[in-house]
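> Supplied in structure tokens, the structure appears directly below.
The values are calculated or read from the model by the stated rules, or taken from the named source; none is laboratory data. Note that the structure is predicted; figures quoted are calculated from it, not measured. Here the Cβ is made from the backbone with ideal geometry for all residues, glycine too, and neighbour counts use every protein chain on show. Each accessible area value is taken on the protein alone, full model and side chains, heavy atoms only, with ligands, DNA and RNA left out. Shrake-Rupley method; radii C 1.70, N 1.55, O 1.52, S 1.80 Å.
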Amino acid sequence: MKHKIFPLKSINVGRIETLHYGEKTLKTAMRKRPITEPAYVSKTGFLEDQQEFKGHGGTEKALCLYPTEHYTYWQDILEGVENHTALFGENLSSTGITEDNTHIGDIFQLGEAVIQVTEPRTPCHKIATRYNVPDLARQMRDQGNTGFLFRVLEEGYVRPGDALYLKERDANQVSVSFVNHVKFFDPKNQEKIAEVLAVDALSKTLRKSLEKRIANKFL
């Protein structure tokens with residue numbers, strides 16, 4: 001990364017609500033809105049933010065980032081992208097920071113908080129339901145436009161207009177894009193899996209999944 005400061009288009013939080021999309025009903029907090037006053041980030045994310053599904057959130061997936069550069073790709077697929085906030089329910093709608101130039105373990109300052117990249121985001125079916133595009137999760141995966149997740153190393157307040165400041169780049173330099181490729185397109189490559197597992201900051205959940213792939217080789 002040539003620049004160490006990455007502006008955020010918006011910082012977003014949401015509450016669980018029941019939404020109707022055609023004949024389908026979703027209970028979700030995906031429809032997030034920008035904060036307008038200081039918001040506190042705890043070890044499990046913004047206090048004002050909620051997670052409906054138990055597989056979302058938690059200390060290893062406390063915050064979600066999605067690069068707004070990807071919004072352009074979705075303009076012909078989704079309606080109203082140009083006016084959308086938190087297109088995929090992300091907490092941080094970023095500029096300049098992507099899956100290609102960010103590594104698992106990279107550490108950033110966000111307001112008073114310090115956060116660390118833990119794993120790529122895994123797109124879920126609720127995104128597809130929200131936009132009525134059945135294969136949307138697969139498209140996100142295939143394009144590598146997944147966004148990624150953070151743990152919170154230091155809690156603190158975040159304010160509207162705060163940016164991401166790169167504090168420390170992980171020494172292994174295993175990019176989020178590399179991990180996406182291993183997860184989705186090269187799942188049996190033991191050498192690449194080992195390279196990902198060598199990153200201490202990798203989330204516990206993804207580590208467990210990849211360790212199973214290593215173990216299965218010997219079954």
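> Can you tell me which residues in the range 115-141 are open to solvent by less than 20 Å² (accessible area, probe 1.4 Å) and among the polar types (S, T, N, Q)?
If the condition is that a residue be open to solvent by less than 20 Å² (accessible area, probe 1.4 Å) and among the polar types (S, T, N, Q), then THR118 is the only one that fits.
> Identify, please: which residue in the range 51-101 is farther than 26 Å from LYS4 by Cβ, in contact with a Phe, Trp or Tyr (Cβ under 9 Å, 6 or more places away or on another chain) and among the charged types (D, E, K, R) and is, among those, most open to solvent (accessible area, probe 1.4 Å)?
GLU79
> May I ask you to verify whether LYS24 is in contact (Cβ under 8 Å) with a residue 40 or more places away in the chain, among the basic types (Lys, Arg) and under 26 Å from LYS167 (Cβ atoms)?
Working: in contact (Cβ under 8 Å) with a residue 40 or more places away in the chain: yes; among the basic types (Lys, Arg): yes; under 26 Å from LYS167 (Cβ atoms): no.
Against the criterion (in contact (Cβ under 8 Å) with a residue 40 or more places away in the chain, among the basic types (Lys, Arg) and under 26 Å from LYS167 (Cβ atoms)), LYS24 does not qualify.
> Do we have ASP170 as touching an Asp or Glu at 6+ places or on another chain (Cβ under 6 Å) and open to solvent by 10 Å² or more (accessible area, probe 1.4 Å) here? I'd like the intermediate steps shown before the answer.
On the way: touching an Asp or Glu at 6+ places or on another chain (Cβ under 6 Å): yes; open to solvent by 10 Å² or more (accessible area, probe 1.4 Å): yes.
Considered against the rule, which asks whether it is touching an Asp or Glu at 6+ places or on another chain (Cβ under 6 Å) and open to solvent by 10 Å² or more (accessible area, probe 1.4 Å), ASP170 comes out as yes.
> Need pairs with beta-carbon distance below 7 Å; first residue under 12 Å from VAL199 (Cβ atoms) and within the range 172-186, second assigned to a helix (DSSP H, G or I) and open to solvent by 40 Å² or more (accessible area, probe 1.4 Å); sequence gap 6+ or separate chains.
Within 7 Å, the pairs are VAL174/GLU195; VAL182/LYS192.
> Just to be sure I understand the filter: pairs with C-beta atoms under 9 Å, separated by 6 or more residues or on different chains, first member in the range 61-77 and under 21 Å from LEU206 (Cβ atoms) and among the polar types (S, T, N, Q), second member surrounded by 21 or more Cβ atoms within 10 Å (Cβ to Cβ) and modelled with pLDDT under 95. Which pairs pass?
none
> Applying the selection to the range 63-93, what residues are part of a loop (DSSP other than H, G, I, E, B), within 18 Å of the chain's Cα centre (by Cα) and of a type in the set (Gly, Ala, Ser)?
Taking the range 63-93 first, the residues part of a loop (DSSP other than H, G, I, E, B) are 75-80, 84-91.
Those still in the list that are within 18 Å of the chain's Cα centre (by Cα) too: 84-91.
The answer is ALA86, GLY89.
> Please go through the range 140-186 and give me each residue that is polar (S, T, N, Q) and either at pLDDT below 95 or over 21 Å from LYS4 (Cα atoms) (or both), ordered by number. Break it down stepwise before answering.
Step one: list which residues in the range 140-186 are polar (S, T, N, Q), which gives 143, 145-146, 172-173, 175, 177, 180.
Selection gives GLN143, ASN145, THR146, ASN180.
> Moving on. Need the failing condition index for GLU155 against (1) over 26 Å from TYR165 (Cα atoms); (2) touching a residue at least 60 places away in the same chain (Cβ under 8 Å); (3) open to solvent by 50 Å² or more (accessible area, probe 1.4 Å), just the number.
(1)
> How many of the residues making up the range 196-209 are over 17 Å from LYS61 (Cα atoms) and buried (at least 16 other Cβ atoms within 10 Å of the Cβ)?
The total comes to 2.
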